[in-house]
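Take a look at the structure set out below.
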Amino acid sequence: MFDRILSRGKVRAAVKRLSAEPTAKNYVSLAQAHASVDQLADVLKVCEEGLELFPGDVELSRLYERASSLRREDRVRDLQRLLKSAPRPAHWKELCEIQLQSGRVSRAEQAAADWYAATGEFEALYYQAKARTERYFADRRRDDARRALDLATECQGLEPNDPRPVHLRLSIFSRCGAWSEARTCLARLLELQPGDPALEARFRTVASMADGTRSLDAALREVERTGRFIDDESDSDSRNSSKAVRPALQEVAAEIGVRGAFYVRGGTALVQGPRGATAERQARGVRELVSASRSAARRLGLGQPLEVCFEGDFGVLHMRPGSVGAAAIWTERQPSRKHLEVLAELARFEGVTPRPEVQA
């Protein structure tokens, strides 16, 4: 009780500081004060307000993501209890959506499979296809793409007039560069949604690229080999988004026992610690190690690597690959828990302001 009283006092003090000086640091302080008394809804509100004023701030984005993750975990537990006592399609659907939002694609697919086994509903099969599509986008494996396309085709057989399975197929074809198949999907969508100007414009663009392009199998093989989609970001986008992570890297690199901190994204790398040619060489090495780890994981069918660690006389190099970037830290000894948390947050960073979640 005494701790709670102190925490509420910290909240009031943080509110006063923020009112007097609305800085990103004071928004972070207020969000942390709310977090200390388990007020997740208030944490999210403060972070949302702060990110509107300071978009891309790493600390605010980190707190927002952490609070959102905790709220999703609470809701998942509630839904699992509801599904045991009184299962309903709405509960199954929400569970699948939350797991997808959290990046837990395998759990989303398993929940959809259980849902389909229990009811045989179209919606359950669609979420299976959606989850497998997200798995393909994460791991770039041909087998996942083929399975996602088969599930989407099965969905089309059950509900021919529902455009969502067609959109799933289109997303795979477009991202891997199978333009002939993408043109077919767009033609079907125009049948379902005639007169849509955006679809018509996209159809014209894709139709101009469809003739003489590579086959679907060749496109899928190329993505699996390189680990890159057609729409992966350019180097200029990488440089712009990477600027936001520099303060976190500087903070980590300044600590005792840390020899270097790295963030790589596309063709851009940020390095704190080493300088000059040494920094360039080490950044290139980190990028190559991340790429090789992802490639090896794809070939072995292991999915997306979550952590890569090298130990030796040089110390410890710990890397965290993410969906768009990768973070690494080089330390004399095993990195601390704080270091690993920063790496995990940077690996998840996508360079965009998070959107508020829709309340259930």
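The values are calculated or read from the model by the stated rules, or taken from the named source; none is laboratory data. Just so it is clear, the model here is predicted, and its values are computed rather than measured. Cβ coordinates were reconstructed from backbone atoms using ideal geometry, including for glycine residues, and neighbour counts include every protein chain displayed. Heads up: the accessible areas ignore ligands, DNA and RNA and are worked out on the full protein's heavy atoms, side chains in. Shrake-Rupley method; radii C 1.70, N 1.55, O 1.52, S 1.80 Å.
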Contacts under 7 angstrom Cβ, first residue in region 185-201 being touching a residue at least 12 places away in the same chain (Cβ under 8 Å), partner open to solvent by less than 40 Å² (accessible area, probe 1.4 Å) and not in a helix (DSSP H, G or I), 6 or more apart | Leu189/Pro163; Leu192/Pro163; Gln193/Pro163
Among (1) within 27 Å of Tyr116 (Cβ to Cβ); (2) surrounded by 14 or more Cβ atoms within 10 Å (Cβ to Cβ), where does Thr213 come up short?
-> (1)
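Could you count how many residues in region 231-281 are of a type in the set (Ser, Thr, Tyr) and either farther than 30 Å from Val206 by Cα or at pLDDT 80 or above (or both)?
Here the count works out to 3.
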Flagged in region 126-169 as under 17 Å from Gln110 (Cβ atoms) and of a type in the set (Ser, Thr, Tyr), in numbering order, are Tyr126, Tyr127, Thr133, Tyr136
Please give the strands (runs of 3 or more DSSP E) falling wholly within region 245-317 in which 3 or more residues are touching a Ser or Thr at 6+ places or on another chain (Cβ under 9 Å) and surrounded by fewer than 16 Cβ atoms within 10 Å (Cβ to Cβ).
-> none
Considering Glu49, Glu21, Glu65, which residue is out of contact with any Pro (no Cβ under 6 Å at 6 or more places or on another chain) and modelled with pLDDT of 90 or more?
-> Glu49
Taking interchain pairs and intrachain pairs at least six residues apart, which have beta carbon atoms under 7 angstrom, with the first residue in region 52-81 and farther than 29 Å from Val252 by Cα and open to solvent by 60 Å² or more (accessible area, probe 1.4 Å) and the second part of a helix (DSSP H, G or I) and of a type in the set (Val, Ile, Thr)?
-> Arg75/Ile98
Yes or no: Leu18 surrounded by fewer than 17 Cβ atoms within 10 Å (Cβ to Cβ) and not aromatic (Phe, Trp, Tyr)?
-> no
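Condition check: outside any loop (DSSP other than H, G, I, E, B), open to solvent by 40 Å² or more (accessible area, probe 1.4 Å) and of a type in the set (D, E, K, R). Does Arg221 satisfy that?
Taking the combined requirement at face value, the residue satisfies it.
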Only residues that are closer than 17 Å to Val166 by Cβ and aromatic (Phe, Trp, Tyr): list them for region 113-136, please.
-> Phe122, Tyr126, Tyr127, Tyr136
When the residues of region 158-176 are filtered to those that are open to solvent by 60 Å² or more (accessible area, probe 1.4 Å) and not basic (Lys, Arg), which remaining residue is nearest to Ala207 (Cα to Cα)?
-> His167
Of all residues making up region 318-342, the number that are open to solvent by less than 10 Å² (accessible area, probe 1.4 Å) and more than 20 Å from the chain's Cα centre (by Cα) | 2
Quick check: is even one residue across region 187-202 under 21 Å from Arg146 (Cβ atoms) and either in contact with a helix residue (DSSP H, G or I) (Cβ under 8 Å, 6 or more places away or on another chain) or open to solvent by less than 20 Å² (accessible area, probe 1.4 Å) (or both)?
-> yes
Enumerate the pairs (first residue in region 92-108 and of a type in the set (Lys, Arg); second residue anywhere and crowded, with 21+ Cβ neighbours inside 10 Å and part of a helix (DSSP H, G or I)) with beta-carbon separation below 6 Å, excluding pairs fewer than 6 apart on the same chain, so at least 6 apart or on different chains.
-> Arg107/Gln99
Limited to region 203-230, what total is found for residues that are under 30 Å from Arg62 (Cα atoms) and either at pLDDT 85 or above or among the basic types (Lys, Arg) (or both)?
-> 2
